[in-house]
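The next block holds one structure in the form of structure tokens; read it before the comments.
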Amino acid sequence: MDKAEEYFNRGRVLSMKGLYPEAIDAYKKALEIDPVHTQARTNLKFIRYLSGEGIAEDRIKNLSDLKNIGKGAKKLLQKA
């Protein structure tokens with residue numbers, strides 16, 4: 001088993017115990033080693049949601065995305 005998988009499994013165990021900050025750290029370590037570890041990324045997002053961490057950042061990103069969509073729509077309307 002590689003190191004990324006070890007950290008991923010550690011994150012799973014910690015999250016089942018309700019130790020969310022420790023689980024978040026373990027998932028982040030797994031992603032540092034293997035940035036495309038989709039299960040670690042998915043679980044990290046879910047645990048961050050459960051623990052309340054990252055909600056503000058996600059909302060800011062969503063607002064930023066909407067703002068960019070609005071800019072793109074405005075440019076399209078100006079061309080029409």
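Only the coordinates and a few stated rules stand behind these numbers; no lab work does. None of these values were measured; they are calculated from a predicted model. Please note: Cβ atoms are built from the backbone with ideal geometry, for glycine as well, and neighbour counts cover all protein chains shown.
In this label model, Glu22 and Thr38 are separated by 3.0 nm, measuring between points 7 Å along each Cα→Cβ vector. Computed from the C-beta positions of Lys45 and Asp2, the FRET efficiency with R₀ = 30 Å rounds to 0.85.
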